[in-house]
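The structure appears below as structure tokens.
The values are calculated or read from the model by the stated rules, or taken from the named source; none is laboratory data. The model shown is predicted, which means the values in this text are computed figures rather than measured ones. Counting neighbours? That spans all protein chains shown, and the Cβs are built from the backbone with ideal geometry, glycine included. Side chains are part of the model used for accessible areas, which takes the heavy atoms of the whole protein and leaves out ligands, DNA and RNA. Shrake-Rupley method; radii C 1.70, N 1.55, O 1.52, S 1.80 Å.
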Amino acid sequence: MLVVTLLASLLQPPAVRPLDNEYVSVTHNWAPCAAASPSACGERVLVALGAIEFQQDGQPRRLKRGEIAVFRWHESYVAPKTGDYLEVSLKPDHPKVQTPSVLIPPEKNVMLYEDETFFVFEERLAPGETRARHSHGQRVVIVLNDTRLQQWPDSGPEVFCTQVAGDVRFNAPVTHIVKTIGDKPLRNIVIELRP
């Protein structure tokens, strides 16, 4: 099974794997970890970028843009046949997770899932609104809205950042203040790793 999964991953064009590092593998409109494979795939998060339908435990499930489904390392599902989605697979043998020097939970986010190894939240911040000083560990950020941000990190000068819908990033730990300076609200799905 592992050989088939590896062979399939080599045959996929690079565009379907927007992120692959030693912590996570993210695929676009492709679910190589739908079948539980504990040696290759850990916990997985399915993130809907549009309306999708898949099967879990023999039952159909539907998600709208920005909704998620979480699968433990031993759970399988039948991947969506159509629609726009990401499969985020946490690698079971990833290195130690890096954390910021101070832990300050961010305000105004909506927790979507939480367990001992990671948590998922929807990050929202209206135009013109500022989020007070807070911190993040290593995380996958899936951008849902185009907008602009102004950030004041503890570690350096202010930063201006353009958010592009559909971008997928793996961010280092940070402690900062953030303000939405674009016309649209900040809206991201964030999968943050725990040490």
Only strands (runs of 3 or more DSSP E) wholly contained in the stretch 143-192 count here; list those with 2 or more residues that are surrounded by 15 or more Cβ atoms within 10 Å (Cβ to Cβ) and not acidic (Asp, Glu).
147-153, 168-171, 174-180
Return the pair list, or none, for Cβ contacts closer than 6 Å from residues in the stretch 114-135 that are among the polar types (S, T, N, Q) and at pLDDT 95 or above to residues that are open to solvent by less than 60 Å² (accessible area, probe 1.4 Å) and in a strand (DSSP E or B), at least 6 apart or on different chains.
SER135/THR175
Take GLN163 and tell me if it is in contact (Cβ under 8 Å) with a residue 24 or more places away in the chain, within 19 Å of LEU86 (Cβ to Cβ) and out of contact with any helix residue (DSSP H, G or I) (no Cβ under 8 Å at 6 or more places or on another chain).
yes
Exactly one condition in (1) out of contact with any Ser or Thr (no Cβ under 9 Å at 6 or more places or on another chain); (2) more than 30 Å from ASP154 (Cα to Cα); (3) not β-branched (Val, Ile, Thr) is false for GLU107; which is it?
(2)
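Residue-by-condition table, conditions (1) at pLDDT 95 or above; (2) closer than 21 Å to ALA165 by Cβ:
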residue	(1), (2)
LEU10	no, no
ARG17	no, yes
ALA40	no, no
GLY50	yes, yes
VAL70	yes, no
PRO80	yes, yes
GLN98	yes, no
LYS108	no, yes
LEU112	yes, yes
In the stretch 110-121, is there at least one residue being open to solvent by less than 40 Å² (accessible area, probe 1.4 Å), closer than 20 Å to THR27 by Cβ, in a strand (DSSP E or B) and not charged (D, E, K, R)?
yes
